[in-house]
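Enquirer: The structure under discussion is supplied below as structure tokens; questions concerning it will follow.
The values are calculated or read from the model by the stated rules, or taken from the named source; none is laboratory data. Quick caveat: nothing in here was measured; it's all calculated off a predicted structure. In this analysis, Cβ positions are derived from the backbone assuming ideal geometry, glycine residues included, and neighbour counts consider all displayed protein chains.
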């Protein structure tokens, strides 16, 4: 049975009527639906009860002056029946986005007395009745001329268009630069904040936070010039500069610092911006560290517990290489080690704390003792984390101390699988010299992705042609694996601009297939 969520717009002659409807709706959840039904009946409207047996359930209602917008949940009705039910509720105008098994995904827009109005007619009808709705529609669609008309008519650039949402928020969020400029000129508050949210970073954001999130430098500059407060924080305690650093928006960082923003401000949890970095697109992080360095940010920054950039980024090889080149060393936080030796070894590996790793190798415990980093993870030998991070120095140190070069973790993944997957040629070469099995099979039996890759296919799957070249002389594939390698290489050549090396490897694979 399909589940449909539909928005109905109910328009009233005055705000008092819409207020009484809203009070009746609230009464429904407080004193029961019988009371609500009586209250609505007095208004000439029918109440829909939210219990089994009813075909439509009211899920949420929002009031905007004379206009009410209701969100319904509908179960098992066809499109036209749903429209008829909503018209009986008292909807004078209706937008129903319906995923119907018979009609597919459709949007029906109706007015009373005209069951299939076009969208333009619908918008015009409601806009004629309700300037607030017309303003919201113009903001969403980026209609600058209509916004100009409504502002001249007296619509405030600082009125709520949705609960806790203001025109400047929508314009910035949708990156409508001319409308942002238009609203600022009309006196829009450039510091108004969005509602609080369960996800703290998304709550209490200023237009400046939204523009940074969009990476829209032109809008950021407009807001700053219009007097945006650089010290305001979102619900996570992040100023606009902190937010820009966290998401590595270099141009925004530079602009904000040029206008006096303070990069040393801590967030609500006492964390400096550099230690709050988001680590997606890890290959970009070394370049951002170099940028931060050039802007005078302190790369030696620490939290109160002593955690530094090594302990934030220690699993990212390029970041560690940059920090080492700057002469920095890992400095463990005060609570890093607890005496649980496998855990301590794992933590030292992720923090690239070579001194602690060396000390732990002399403690006399089995270095291949599996450790689960999180409750939802399967325990694995800690050395696999070092291989995953691409740190040849750590892997070599652990192998010298007696770790198994063919140790396996979840799904039989090996060190060589990890090295091939991250494209570390240095690590792949070292592991091969130390006796790692180049033909070990990873058995990934997830219901979503049935895989059985060896290190060679792992490298090709990730597009690491140079690592695959290192593995090629040691590879003993079946016909099926050769065919998969051929498919992967053809894909990378066609779609990922892999050059001569990939073409040459493809020719080698095709030649080996011809020999079978």
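Enquirer: Can you name the number of the only condition in (1) over 21 Å from residue 209 (Cβ atoms); (2) in contact with a helix residue (DSSP H, G or I) (Cβ under 7 Å, 6 or more places away or on another chain); (3) modelled with pLDDT of 85 or more that residue 131 fails?
Expert: That leaves (3) as the condition not met.
Enquirer: If you take the residues of segment 378-395 that are within 16 Å of residue 413 (Cα to Cα) and out of contact with any strand residue (DSSP E or B) (no Cβ under 9 Å at 6 or more places or on another chain), which of them is surrounded by the fewest Cβ atoms within 10 Å (Cβ to Cβ)?
Expert: Among those residues, the one meeting the criterion is 378.
Enquirer: Okay, moving on. Residue 270 - would you say it is in a loop (DSSP other than H, G, I, E, B) and either farther than 21 Å from residue 352 by Cα or without any contact (Cβ under 8 Å) to a residue 12 or more places away in the chain (or both)?
Expert: Taking the combined requirement at face value, the residue satisfies it.
Enquirer: Quick test for you: out of 418, 347, 358, pick the one residue that is under 28 Å from the mean Cα position of the chain (by Cα) and within 30 Å of residue 304 (Cα to Cα).
Expert: One residue alone meets the criteria, 347.
Enquirer: Hey, which of the helices (runs of 4 or more DSSP H) in segment 194-266, taking only ones fully inside, have at least 3 residues that are within 18 Å of residue 298 (Cβ to Cβ)?
Expert: 240-246, 250-258
Enquirer: Which residues, taken from segment 411-424, are touching a strand residue (DSSP E or B) at 6+ places or on another chain (Cβ under 6 Å) and either free of Cβ contacts under 8 Å to residues at least 24 places away in the same chain or surrounded by fewer than 21 Cβ atoms within 10 Å (Cβ to Cβ) (or both)?
Expert: 411
Enquirer: Has segment 269-286 got any residue that is surrounded by 14 or more Cβ atoms within 10 Å (Cβ to Cβ) and over 30 Å from residue 198 (Cβ atoms)?
Expert: yes
Enquirer: Hey, does segment 163-171 have a residue that's surrounded by fewer than 16 Cβ atoms within 10 Å (Cβ to Cβ), assigned to a loop (DSSP other than H, G, I, E, B) and touching a residue at least 40 places away in the same chain (Cβ under 8 Å)?
Expert: yes
Enquirer: Residue by residue through segment 303-337, note down the ones that are part of a helix (DSSP H, G or I) and under 18 Å from residue 382 (Cβ atoms).
Expert: 310, 311, 317, 320
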